[in-house]
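Only one structure is covered here, and it is reproduced in the block below.
The values are calculated or read from the model by the stated rules, or taken from the named source; none is laboratory data. Remember, predicted model here, so these are calculated numbers, not experimental data. All Cβ positions, glycine included, derive from the backbone under ideal geometry; neighbour counts span all protein chains shown.
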Amino acid sequence: MAPVMEGMCKYESLTDGTLGLEDIALMNDALAVRADNQAAARRILEQQSNGPKHRHP
């Protein structure tokens, strides 16, 4: 259901055979990669914002 909820396809396309299992798998993989990339970006931003606040000469 994730591809439907993300607007990648319509529910009817899943139920009427327009999309096959390969299509659904590709969409799910793309969503998982996007989620992983977003999580990695958040971690990097958190690390940068938690870094040293003051420089010492």
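Determine the pairs where a residue that is modelled with pLDDT of 90 or more, located within segment 33-57, has a partner that is assigned to a helix (DSSP H, G or I) and surrounded by 10 or more Cβ atoms within 10 Å (Cβ to Cβ) with Cβ atoms under 7 Å apart, the partner being 6 or more residues away or on another chain. Going by the 7 Å Cβ cut-off, there are no qualifying pairs. Counting only residues that are among the basic types (Lys, Arg) and surrounded by 11 or more Cβ atoms within 10 Å (Cβ to Cβ), segment 8-43 holds 2 of them.
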